[in-house]
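Heads up, the thing below is written out as structure tokens.
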């Protein structure tokens with residue numbers, strides 16, 4: 001794993017990591033991936049992936065209105081709110 | 001005194017819940033900064049709850065199955081109007097607008113929620129050193145860690161700050177600190193206890209369970225908090241048989257499995273206590289059988305790809321919009337990056353990065369996809385082992401409690417603390433740690449009892465028998 005890989009991942013994860021963090025994480029993540037290579041020896045071609053332990057699928061409930069969280073209480077916990085909504089900085093003009 | 005006895009005394013009016021609570025509060029105050037088990041003590045709410053229990057008793061009403069029992073809650077469980085931080089700066093000051101299901105269940109059961117306990121930030125760690133608010137110390141030796149990530153909950157029970165506590169276990173975060181603090185800790189089957197209101201770390205692995213000073217207390221706690229919850233779509237849609245009822249059944253005729261290809265690394269003192277445990281169960285009429293779980297050894301790798309991958313997705317919600325910290329910036333994207341950089345600690349960032357990488361285009365198959373297949377191998381190997389044995393016995397932690405700071409800056413050294421606990425989470429099975437005597441420096445050693453899906457009754461029979469063998 002190179003510093004450029006780590007920088008790309010940080011951007012994908014929306015983390016403005018510092019140069020010092022980038023350097024340290026590159027060493028640490030590279031070391032981990034080296035350790036994780038132990039599974040490369042396994043023949044997994046015929047093995048089905050397992051995403052969850054308990055076989056529940058499509059858990060639905062009747063489409064009936066239920067009590068829900070109080071809007072004022074939820075908005076009161078937000079960093080910024082206005083007119084019953086969350087307020088955020090401008091979203092156009094992004095430098096992606 | 002067990003909690004069943006406490007409940008009986010409170011219900012009869014022989015002891016006031018308020019009196020028991022004030023005793024606990026005084027004890028917490030006497031060692032508050034020394035141990036740092038709590039991020040927040042709910043003194044006012046707890047006092048009101050205790051008084052309400054006493055009033056119910058005075059009126060002749062049933063105050064509930066946990067009347068007067070003091071409970072400490074890991075600070076990743078939502079408590080309405082009470083700070084819930086996950087020991088992270090990104091949630092500092094946040095007061096949830098709702099109670100998690102376990103919290104509301106405890107309240108209606110007459111339990112007294114006494115405070116929110118410290119943890120490794122977002123439950124990522126094995127020592128409770130990764131808290132943004134400073135480490136928790138082991139009450140048995142304050143130079144040492146209590147284990148983690150539910151270290152505050154384990155310390156609370158070990159120090160007697162609360163009768164019991166709740167934690168969450170994603171890769172060992174209940175069982176390992178229970179072992180290091182000399183208390184009982186249970187991770188039930190995935191889906192046994194509702195996770196509604198538990199802040200998500202790795203959703204296919206997380207499970208809530210109790211810390212207690214006895215196996216009987218743990219059984220009673222699970223009998224109350226277990227069961228289906230429509231608010232958690234991963235909750236198993238059936239009632240669970242009482243665990244309290246099976247405690248006296250013994251182990252006569254049960255097959256106890258010894259995993260012959262278990263990864264090495266357990267210290268000799270830990271290994272010795274495990275052998276004593278096998279002998280004790282044999283003496284009580286169980287048969288010891290050798291089994292193999294070849295994929296056990298690959299658990300660590302599978303876990304450290306799957307759990308960070310799920311975490312990277314779950315923790316995307318901390319973006320400075322709906323709750324918690326916001327660092328202002330010119331546009332939303334800059335705000336996200338600055339907020340998350342400022343709000344998350346080192347270990348959380350490391351795992352978000354690892355998980356993002358394992359899921360990213362070009363690496364998904366090589367890392368995350370492969371880890372899911374290894375997870376299947378582990379699950380199937382356990383299934384084969386459980387055809388030969390009713391439960392498996394292993395060490396909980398490779399060592400007794402280690403000194404604060406001793407794992408240094410090497411994340412892998414810390415990850416290895418969970419070698420014996422992680423595979424259970426991947427399989428979705430129950431596991432529990434039972435304190436079983438002492439090892440090096442006179443510190444407690446835990447023995448881990450593992451069982452197949454929903455085999456809690458058998459697991460508890462074995463745990464209760466182990467406990468009796470020490471008496």
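Quantify how much of the Cα-Cα distance distribution of chain A extends past 24 Å, in percent.
That tail contains 65 percent of the Cα-Cα pairs.
Which whole-number percent is the relative contact order of chain B (Cα, under 8 Å, 6+ apart)?
Once divided by the residue count of chain B, the mean separation gives 17 percent.
For the protein assembly as shown, what Kirkwood radius comes out of the mean inverse Cα-Cα distance, in Å?
24.0
Return B:468, B:144 ranked ascending by Cβ neighbour count within 10 Å, so the fewest neighbours appear first.
Fewest to most other Cβ atoms nearby, the residues stand as B:468, B:144.
In what sequence do B:220, B:180 fall when counting other Cβ within 10 Å, fewest first?
With the sparsest Cβ surroundings first, the list reads B:220, B:180.
Specify the inter-centroid distance of the range B:394-459 and the range B:163-240, based on alpha-carbon positions, in whole Å.
Here the two parts' Cα centres lie 15 Å apart.
Please build a GNM for chain A, connecting alpha carbons under 10 Å apart, and tell me which residue among A:69, A:29, A:15 fluctuates the most.
A:69
Using a 10 Å cut-off around each Cβ, can you sort A:14, A:87, B:461, A:24 from fewest to most neighbouring Cβ atoms?
Going from least to most buried by this count: A:87, A:24, A:14, B:461.
Compute the distance from the alpha-carbon center of the range B:1-31 to that of the range A:8-44, in whole Å.
Rounded to whole Å, the Cα centres lie 49 Å apart.
Can you give the convex hull volume per residue for the Cα atoms of chain B, as a whole number of Å³?
135
Once you treat every alpha carbon in the range B:3-241 as an equal point and sum by Debye, what is log10 I(q)/I(0) at q = 0.17, 0.18 Å⁻¹?
So the normalised log intensities work out to -1.21, -1.36.
From the helices alone, meaning DSSP H stretches of at least four residues, give me the mean residue ellipticity at 222 nm for the protein assembly as shown, per-run term -39500 (n - 2.57), in deg cm²/dmol to the nearest 500.
-11500 deg cm²/dmol
Specify the inter-centroid distance of the range B:277-302 and the range B:315-358, based on alpha-carbon positions, in whole Å.
42
No lab work stands behind these numbers, since they all come straight from the coordinates. Predicted model only: the values in this text are computed from it and were never measured. Because the Cβ atoms are built from the backbone with ideal geometry, glycine has one as well, and the counts that use them run over all protein chains shown.
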